[in-house]
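Only the coordinates and a few stated rules stand behind these numbers; no lab work does. Keep in mind that what you see is a predicted model, and the values were worked out from it rather than measured. Counting neighbours? That spans all protein chains shown, and the Cβs are built from the backbone with ideal geometry, glycine included.
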Amino acid sequence: MKILKLKLHWQILIALVLAVLFGYFIPTAVVYVSWMGDIFLRALKMVIIPLIFSSIISGVTSMGEGKNLGRLGLKTLTYYLATSTLAILTGLIIVNLVKPGVGVDLGFSQSVEGLADKAGSVKDILYRLIPENIVDAMAQGTILSVIFFAILFGYFITTVDKKYKDSLTTFFDAIFEVMMKITLFIIKFTPLGIFGIVAKEVARNADQLVNIAGSLAIYGLCVVTGLLIHAFISLPLIVHFIGKAKPFTHFRNMATPLLTAFSTSSSSATLPLTMEALEHKSGVSNKVTSFTLPLGATINMDGTALYECVAAMFIAQAYGVDLSFTQQALVVFTALLASIGAAGIPMAGLVMITVVLTAIGLPLEGIGLILAVDRILDMLRTSVNVWSDSCGAVIIARSEKEETKVAI
Ligand code: ASP
């Protein structure tokens, strides 16, 4: 078949277009294809924990001494916090200029029951880092805990007797190689998986796609504009000037993970593909990707951060609340925390808005205003989350004097 000879990202694009048409025009037939999406997502989730675990250990042991780890950690966190804050400020400026929420009708159409229970606090985020039981954390897919344990494990491998150190290092390197092979195999099925996922979502949301109008559309456009500015202006400039790398070549290399992030709305599910593209296409070493990407997929969410800020400001405007400078600063700070605390799964960002709303004393029902457009905005913000993680990996690799395949 000719279509199989096309590059993977073209196959995915074709699958996306066909899925939208399929889901929109024959929604009743979606049950016959949605299983492909479910199986694809299951397969991705299947590899995440062993992939992260072996990759971090293999990365940390290859770093050598603890000093290296500290330096890399500091750089990574600085990048994550700086770009997320930049994204939030971009959103804040737009939402203050456009004021999409002023004059919005507060007749809520959807209920938000139960959302408040799911809100996370700063303490929860810290607690999630240290698992009570690592096997349980792995089984539950609590990625932050797994990362923490893997970093400790990798670090202490480097401190034991050479005999043990060598065999453990080889062992985890070998597991990592195999996990990458399995990932590559799953990636081949991305177009089919994406077809199943997108057709199902389009069929489910078809009426809303048509009904979204008025203020909600303007609000959505504010988020989208902010995301586009961050993805196509701010991040490329940082990659160019700080990373001394070619942002648009790198963007092309990232086509498959970005389209997958868009279709699945999950940074975590996309992680295996992000790692593969960075290592094999953009030429970043495993030492850097294994450390930065799993961490990034859970805590670095520029798109989500921007979205939290715009959404909270929109709700405040709709309630006629004029936020002072200090309150807006609180929005920026809590939006940053909310993006760090959001899991890399669909709609996690929507739940985390409760953190921001509570901080500035707005009713949680306000979320009802933005539910209708959340799905589509989730797709876009997830792509921006993954794009920022990948830019971070390139910048850090370049700062570690790696040549990579995207250097200027
Ligand atoms: N879906 C997003 C992600 O996985 C999180 C969010 O809902 O903002 O990156």
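Using DSSP loop states and a limit of at most 11 other Cβ atoms within 10 Å to flag GluC sites (Glu not before Pro), what is the longest stretch of the chain containing no flagged site?
The segment 133-402 is the longest one with no such site.
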Original post:
Here are some pairs, 99/246; 181/244; 75/181; 281/401; 45/75; 246/287; which of them have Cα atoms lying more than 24 Å apart in this structure?
Top reply: 99/246; 181/244; 75/181; 45/75
Original post:
In 20 Å bins starting at 0, how do the alpha-carbon pair distances of the chain split up by percent?
Top reply: 27, 58, 15, 0
Original post:
HN-Hα J couplings of segment 136-148 from phi, Karplus 6.51/-1.76/1.60, θ = phi - 60°, integer Hz, Gly and Pro as x?
Top reply: 5, 4, 5, 5, 7, x, 7, 5, 4, 5, 5, 4, 4
Subject >> Positive-end residue, the chain charge dipole about Cα centroid, Cβ charges, pick of 93, 315, 17 >> reply: 17
Original post:
What list of ³J(HN,Hα) couplings, whole Hz, do you get for segment 381-396 from phi and the Karplus terms 6.51, -1.76, 1.60, once you set θ to phi - 60° and write x for glycine and proline?
Top reply: 5, 5, 4, 5, 4, 5, 4, 5, 4, 5, 5, x, 4, 5, 4, 5
Subject >> Net dipole in debye of segment 250-408 [+1 Lys, Arg Cβ; -1 Asp, Glu Cβ; about Cα centre; nearest 20] >> reply: 360
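Viscosity 0.890 mPa s, temperature 25 °C: Stokes-Einstein D of segment 357-408 from its Kirkwood Cα radius, in µm² per second? Write down the numbers at each step before the final one.
Values: Rh = 14.2 Å.
My calculation gives 173 µm²/s for D.
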Subject >> Geometric extent, Cα atoms of segment 314-401 - Rg, Dmax (angstrom) >> reply: 15.5, 52
Original post:
What residue among 30, 55, 148 has its Cα farthest toward the positive end of the dipole of the chain, where the charges are +1 on Lys, Arg and -1 on Asp, Glu, each on the Cβ?
Top reply: 55
Original post:
Using Cα atoms only, what is the angle between the long axis of helix 348-359 and the major principal axis of the chain, expressed in degrees (0 to 90) to the nearest 10?
Top reply: 60
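Quick check for me: using +1 on Lys/Arg Cβ and -1 on Asp/Glu Cβ, what's the dipole size of the chain about its Cα centre, in debye to the nearest 20?
Details: 29 positive and 26 negative charges, 270 e Å.
That gives the chain a dipole magnitude of about 1300 debye.
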Original post:
Along the positive direction of the dipole of segment 320-408 (beta-carbon charges: Lys, Arg +1; Asp, Glu -1; about the Cα centre), which of 379, 328, 338 reaches farthest?
Top reply: 379
Subject >> segment 1-84: Cα Rg divided by the 2.2 N^0.38 Å rule of thumb >> reply: 1.74
Original post:
Could the peptides 375-383, 317-325 be put in order, highest first, of the mean number of other beta-carbon atoms found within 10 Å of their residues?
Top reply: 375-383, 317-325
Original post:
How much FRET efficiency would the formula 1/(1 + (r/R0)^6) give for residue 140 and residue 164, where r is the Cβ-Cβ distance and R0 is 30 Å, rounded to 0.05?
Top reply: 0.50
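Most exposed first by the Cβ proxy, i.e. fewest other Cβ within 10 Å, how do 17, 386 rank? The partial results should precede the final answer.
Values: 17 12, 386 31.
In increasing order of surrounding Cβ atoms, one gets 17, 386.
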Subject >> Using θ = phi - 60° and Karplus 6.51 cos²θ - 1.76 cosθ + 1.60, couplings along segment 285-296 (whole Hz; Gly, Pro as x) >> reply: 5, 5, 4, 7, 4, 5, 8, 7, 6, x, 5, x
Original post:
If the label point is 7 Å along Cα→Cβ of residue 177, which residues in segment 278-292 have backbone nitrogen under 16 Å from it?
Top reply: 286-287
**OP:** When you have a sec, figure out the Kirkwood radius of segment 214-358 from all distinct Cα pair distances and drop it here in Å to one decimal?
**Re:** 16.5
Original post:
Over segment 248-314, with a single point scatterer placed on each C-alpha, what log10 of the ratio I(q)/I(0) does the Debye formula yield at q = 0.14, 0.19, 0.20, 0.24 1/Å?
Top reply: -0.46, -0.77, -0.83, -1.07
Subject >> residue 245 long-range amide H proximity, modeled H, under 5 Å >> reply: 240, 408
